[in-house]
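Report on the following structure.
The values are calculated or read from the model by the stated rules, or taken from the named source; none is laboratory data. Only a predicted model underlies this, so the values are computations on that prediction, with no experimental measurement involved. For neighbour counting, all protein chains shown are included, and Cβ atoms are generated from backbone atoms with ideal geometry for every residue, glycine included. Remember, those area values only see protein heavy atoms, side chains included, never the ligands or the DNA or RNA. Shrake-Rupley method; radii C 1.70, N 1.55, O 1.52, S 1.80 Å.
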Amino acid sequence: MNLNFWVIQAFNGISYGALLFLVGSGLSLIFGVMRIVNLSHGSYFLLGGYVALSVIWTTDSWLLAIPVAALAIALVGLVMERVFLRPLGFDPLRQVLLTVGFAFLFQQAALDIWTGNNFDINPPAALSKSIAIGGIYFPLYRVFMIVTAAAIGLALWLAMEKTRLGAQVRATVDDAEMARGVGIDTSRISMMIFSLGAFLAALGGVIGGAFLGIYPGLDFEMLPIAFAVVIIGGMGSLGGAAIGALLVGLADNFGKALFPEISYFTLYAPMALILAIKPTGLFGRE
Amino acid sequence: MSSQAVKIAIVVAALAAVLLVVPNTNSFVMLLTTRALAFAILVMSVDILLGYTGLASLGQAAYLAVGAYATAILATKYHIGLGWDFWLVLLFGMLVGAALAALFGLFAIRATGVYFLMITLALGQCVWGLAYRWNSLTGGDNGINLRERPKFGPIDLANENTFFFLVFAVFCVSLVMMYTLVRSPFGRSLAGIRERELRMKILGYNTWLHKYIAFIIAGAFGGLSGVLWAHTAGIVSPVNVELPTSVDALLMAVLGGSGTLVGGVIGTFIVFFLREYLSTVVPWWQYVLGVVYVATILYLPTGLMGIPERLRQWRAKSGNPQSRKLAPAAS
């Protein structure tokens, strides 16, 4: 175990964390604004990957696949929020069960449309190379993932902190009732945040599909990891999601490399511990 | 006869019908019934938390899993639990489930609502992670195959018929035990906590301890269900701890109607038979299941067991003017 090992593992952890940020930030915002535990978030991730595959098969364009898939799934999220979740009212159990019912429906739909085979999303050749720095080879695609996540994180942060709409979202996270009281249309905010979350998850699916693959069951594999990110970072906090994603990405990589037999345990035990001690997560708002 | 006695009579009659009819059907139905009965114990344990205490757990599969893994490991590695000592393993499974719940409860019980959902999810994933990765103990992804079922002298549980009777008997005992629990003063105070925890606190109840004990009891029955499940399925693998398994248990309880115990059993049977039977008939069976779930949550929040009550309300509402005209003395 020399320096190279640590550098490569850290790099892999950070790039995995970048992917997790895309999935986790949406989930975190949805929870923060609507207090909904969205169990179909993993499905958005998987469906995003599948839609991207279809786009690539028909148009042969990877670049086109990214926005098309993300927007398509954002639309799915929008419809789900408007037609099913909104009329349900506030009852955490029913909301959770409804989203999980949809997760099962999506699972079957994906199986019907895209069969049960494993697929890979192949990025363009330009991104499939590696670059060598100091004798260590870094896959360019992972660098791309980190850059993308950082750019999106920055854009989200600017939108949240510097725009009027962002201020409204933050107000809704802090106290939805008061926000309504001062004239913020929280219903519209919820709708936008829910489809934004779906958008980000689908984006993660397209980008992550290149090295995780796209296969049935990925939805429920991704879901608990996304929750780990959200819980460790704190619900409803963008910065928290970034740090949570980084921590989970690193913990996952080093866990698998250093103590493979208990690697998932090292991921979820801290999550349970944090929840027990500080339910709002490390950086969550009270 | 009071209405409660009528309900008990109906349940007993239904169980008797199962006992009489199922052994005379084909092996497919019997296998499914055995599976559903074993799993129904887990679903009832979910209902003790959900329906009687107001805690929705998303990690109940963990207790089934420890019971099942304990059974499988004892049987394959140490050859324990394949004779009369099966009954000891049954007890041990309950103990392991209770012990795990006693540990997890320390973390989980403080939380309420959405946070309880998520913390039980996290704790369940801890167990899943261990089952999935701890190859030397759990066999990792492949799980553990159980090749033998217990033999009591001349009685061999490898016979599906005999095994069905065993599972049926354990199921009935569990049902009676859980029913006694929820009707006991302890069960009544749990319901009080579900309705309004603050009031119970003011009345001097230690609500944390009540919930903690309920959590442990649910864990014990989860472990018991795991012991039966291991021998029913013949294989124990990380699938048994996956999030969808916990979600299934929760959905079955809600589908049947939470807070009724029996509702959960009905929900389990419906889902098992829909899933196994429908999948042999049509390829799109999971849509049916998904729609059943979504429709239940949207239109029938009280579950199937809530239908009679809703009908009564509906009839009272729509039939009121008429009944006043026609039969004023009826009430």
- Item | Theoretical FRET efficiency, 1/(1+(r/R0)^6), r = Cβ-Cβ of residue B:136 and residue B:8, R0 51 Å, to 0.05 | 0.60
- Using helices alone, what [θ] at 222 nm do you get for the protein assembly as shown, with -39,500 (n - 2.57) per DSSP H run of 4 or more residues, divided over all residues and rounded to the nearest 500? -25500 deg cm²/dmol
- Query: Using a Förster distance of 25 Å, how high is the FRET efficiency between residue A:75 and residue A:174, based on the Cβ-Cβ distance and rounded to 0.05?
  - Reply: 0.30
- Message: I'd like to verify something in chain A: which complete DSSP H helices, judged by Cα projection on the helix axis, reach 20 Å or more and average at least 0.5 on the Kyte-Doolittle scale?
- Response: A:3-34, A:41-59, A:62-79, A:92-114, A:140-162, A:186-212, A:218-233, A:238-258, A:263-277
- Query: How much net charge surrounds residue B:115 when only the other residues with a Cβ under 12 Å from the Cβ of residue B:115 are counted, with Lys and Arg +1 and Asp and Glu -1?
  - Reply: +3
- Task: Using R₀ = 51 Å, calculate the FRET efficiency as 1/(1 + (r/R₀)^6) where r is the Cβ-Cβ separation of residue B:84 and residue A:64; round to 0.05.
- Result: 0.15
- Query: What distance in nm separates the simple spin-label points at residue B:203 and residue B:103, each placed 7 Å from Cα in the Cβ direction?
  - Reply: 3.5 nm
- Placing each pseudo-label 7 Å from Cα in the direction of the beta carbon, residue B:315 and residue A:182 end up separated by a distance in nanometres of 5.4 nm
- Task: Please find, in a Gaussian network model of chain A (springs between Cα atoms separated by less than 10 Å), the residue of A:101, A:13, A:244 whose mean-square fluctuation is greatest.
- Result: A:101
- Message: Based on alpha-carbon atoms only, what is the radius of gyration of the range A:62-187 relative to the globular estimate 2.2 N^0.38 Å?
- Response: 1.47
- Message: Give the residue list of chymotrypsin sites (Phe, Trp or Tyr not before Pro) in the range A:1-62 that are DSSP loop and have at most 15 other beta-carbon atoms within 10 angstrom.
- Response: none
- Using +1 at the Cβ of each Lys and Arg and -1 at the Cβ of each Asp and Glu in the range A:152-286, identify which of A:223, A:244, A:196 lies farthest towards the dipole's positive end. A:196
- Item | Relative contact order of the range B:197-331, pairs being alpha-carbon contacts under 8 Å that are 6 or more residues apart, as % | 16 percent
- Note on the range A:1-76: alpha-carbon gyration tensor, axes a ≥ b ≥ c; rule is a/c under 1.5 for rounded, else prolate if a/b larger than b/c, else oblate; result oblate
- What are the extents of the Cα atoms of the protein assembly as shown along their three principal axes, listed from largest to smallest and rounded to whole Å? 80, 69, 53
- Can you list the chymotrypsin sites (Phe, Trp or Tyr not before Pro) in the range B:28-125 that are in a DSSP coil and have 12 or fewer other beta carbons within 10 angstrom? B:84
- Let me know the mean shielding of B:127-136 by other chains, meaning the per-residue number of their Cβ atoms within 10 Å of its Cβ. 5
- Computed for chain A: size of charge dipole around the Cα centre, +1 on C-beta of each Lys and Arg, -1 on C-beta of each Asp and Glu, debye to nearest 20, value 440 debye
- Note on the structure: Averaged over the residues of A:103-109, the number of partner chain Cβ atoms within 10 Å of each residue's own Cβ comes to 6
- Note on the structure: Neighbours of residue B:127 by Cβ distance under 13 Å: Lys/Arg at +1, Asp/Glu at -1, summed charge 0
- Message: Need one number: nm distance between label points at residue A:88 and residue A:57, each 7 Å from Cα along Cα→Cβ, rounded to one decimal.
- Response: 3.1 nm
- Query: Cα axis of helix B:113-133 to longest principal axis of chain B: angle in degrees, 0 to 90, nearest 10?
  - Reply: 20 degrees
- Task: Give, as a single signed number, the net charge of other residues whose beta carbon lies under 14 Å from the beta carbon of residue B:244, with Lys and Arg counted +1 and Asp and Glu -1.
- Result: -3
- Expressed as a whole-number percentage, the relative contact order of the range A:124-167 with C-alpha contacts under 8 angstrom and at least six residues apart is 21 percent
- Query: Relative contact order (percent) for chain B, with alpha-carbon contacts under 8 angstrom and 6 or more residues of separation?
  - Reply: 31 percent
- Message: I'd like to know which of A:18, B:212, B:67 lies farthest towards the positive end of the charge dipole of the protein assembly as shown, counting +1 on Cβ of Lys and Arg and -1 on Cβ of Asp and Glu.
- Response: B:212
- Please state the charge dipole magnitude for the protein assembly as shown, taken about the Cα centre, from unit charges on C-beta atoms (+1 on K and R, -1 on D and E), reported in debye and rounded to the nearest 20. 1660 debye
- Message: So, taking all protein chains as they sit and a 1.4 Å probe, how much accessible area belongs to residue B:126, in Å² rounded to tens?
- Response: 10 Å²
- Message: Of the candidates A:52, A:251, A:276, which one comes out as most mobile in a Gaussian network treatment of chain A with C-alpha springs shorter than 10 Å?
- Response: A:276
- Message: Over all directions, how big on average is the projection of the convex hull of the alpha-carbon atoms in the range A:154-232, in square nanometres?
- Response: 6.5 nm²
- Message: If exposed means no more than 13 neighbouring beta carbons inside 10 Å and the site is in a DSSP loop, what's the longest run of chain B without any exposed trypsin sites (Lys or Arg not before Pro)?
- Response: B:1-146
- Task: Find, among the trypsin sites (Lys or Arg not before Pro) in the range A:53-131, those assigned to loop by DSSP (not H, G, I, E, B) with at most 15 other beta-carbon atoms within 10 angstrom.
- Result: A:129
- Note on the structure: Computed about the Cα centre, the charge dipole of the range A:137-208 from +1 Lys/Arg and -1 Asp/Glu charges at the Cβ has a magnitude in debye, to the nearest 20, of 220 debye
